[in-house]
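Quick notes on the structure that follows.
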């Protein structure tokens, strides 16, 4: 009898041992053993059964759908003078945007506009009529610039101080109120050389400006208010400092011999130095004629875009100008990791848009015949550059 009891005790012990062993075995093969089903269940049961190779293939497929590159465009124009006869036309129309009526759609087609402001802005009537070479434009004439997306204006020119230091100060004040940045002139040299930066769709375009003259004396007198183009040390240092934060750098110069088609030595020295320092494009104004275009070290130099908003109706050449529509593109960030430097923007195309100025104030797009004639004068036949 005792033997029979011991037999059953041994048998029950073996059964418990086998059950415990089986439980341990199941726990080792199921990492979620002991958790409730609700805790570790998958919404997509098949996901739990995917192999490492399947996950790799899915990740590779994602990389085959590239992110679209970033794109930006801006308009560049020549000289803008809102004084004299232009001021009269604005007053007669009762609308500061009157000089822009015929060209507004073109300006609106880009992300922003850039030009050279040749007339100081004052809090008063400004200079009306006549042919005075001392310019002053009323603050009431600025509305057209704001409506046509002007975001940067170069103030470095021979008329920057036509109304003295107070005129320069008021110009900056009124532009600031409109959210328009200025380059080339300011309260001191550091301010005059300070760049303007415009960011559009992740592309940062930067501008610096300089002039052949500080006042309207042919470049003889110098002061601390206007950046001078012969100051190549400042030019190079500023461009080098901009490179890490700018995707595209434009150097603007107000220089050249008036009423001529080809650049002078001072223009060429400045433009080449700017490109050598890292500028992506050089854009000039002042001669009142459209001047030749050069491609130097793979970068375009537009020595003069001629007049844009101006009242020089006394010759065909002074009624002609050139607008540039500059299209940029920047590759998206590398999705494969944090490798490599941030890419800069590349020039995709430059649309050349010749203009004719009518009625002492108002530019319009030139027709096909007029466009061909204007471009021929500077040795170009194509309306798009790459």
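Read-outs throughout are calculated quantities, based only on the coordinates presented, and are distinct from any laboratory measurement. Just so we're clear, the structure is a prediction, and the values are computed from it rather than from any experiment. Methodologically, a virtual Cβ is constructed for each residue, glycine included, from the backbone with ideal geometry; neighbour enumeration extends over all protein chains shown.
Put a dot 7 Å past the Cα of residue 201, heading toward its Cβ, do the same for residue 265, and the two dots end up 4.4 nm apart.
Quick check: residue separation of residue 359 and residue 188 times 0.36 nm, minus the Cα distance between them. What number comes out in nm?
Stretched fully, the residue 359-residue 188 segment lengthens by 57.8 nm.
Each of residue 384 and residue 349 was given a label point 7 Å from its Cα along the Cα-to-Cβ line. The distance between the two points is 0.2 nm. Sorted on the mean count of surrounding Cβ atoms within 10 Å across their residues, most packed first, peptides 109-117, 257-265 read 109-117, 257-265. Legend: ranking of residues 141, 77 from fewest to most surrounding C-beta atoms inside 10 Å; resulting order 141, 77.
Give me the one-decimal nm value for the distance between modelled label points at residue 123 and residue 243, 7 Å along each residue's Cα-to-Cβ direction. According to this spin-label approximation, the distance is 4.4 nm. Under 1.5 on a/c is rounded, so check that first for segment 136-202, then, if it is not, pick prolate when a/b is larger than b/c and oblate when it is not; a ≥ b ≥ c are the square roots of the alpha carbon gyration tensor eigenvalues. It comes out oblate by the Cα gyration axes. Here 374, 208 are placed in order of increasing Cβ neighbour count within 10 Å, fewest first, which gives 374, 208.
Taking every DSSP beta bridge that has both residues in segment 70-385, what percent is antiparallel when rounded to the nearest 5?
In segment 70-385, DSSP labels about 50 percent of beta bridges as antiparallel.
Label zone of residue 295 (point 7 Å out along Cα→Cβ, amide N under 16 Å): in segment 349-369 this covers 349-352. One chain, two ends: residue 109 and residue 232. Fully extended at 0.36 nm per residue, the span grows by 40.8 nm beyond their Cα-Cα distance.
When 349, 83 are arranged by Cβ crowding within 10 Å, least crowded first, meaning fewest neighbours, the order is 349, 83.
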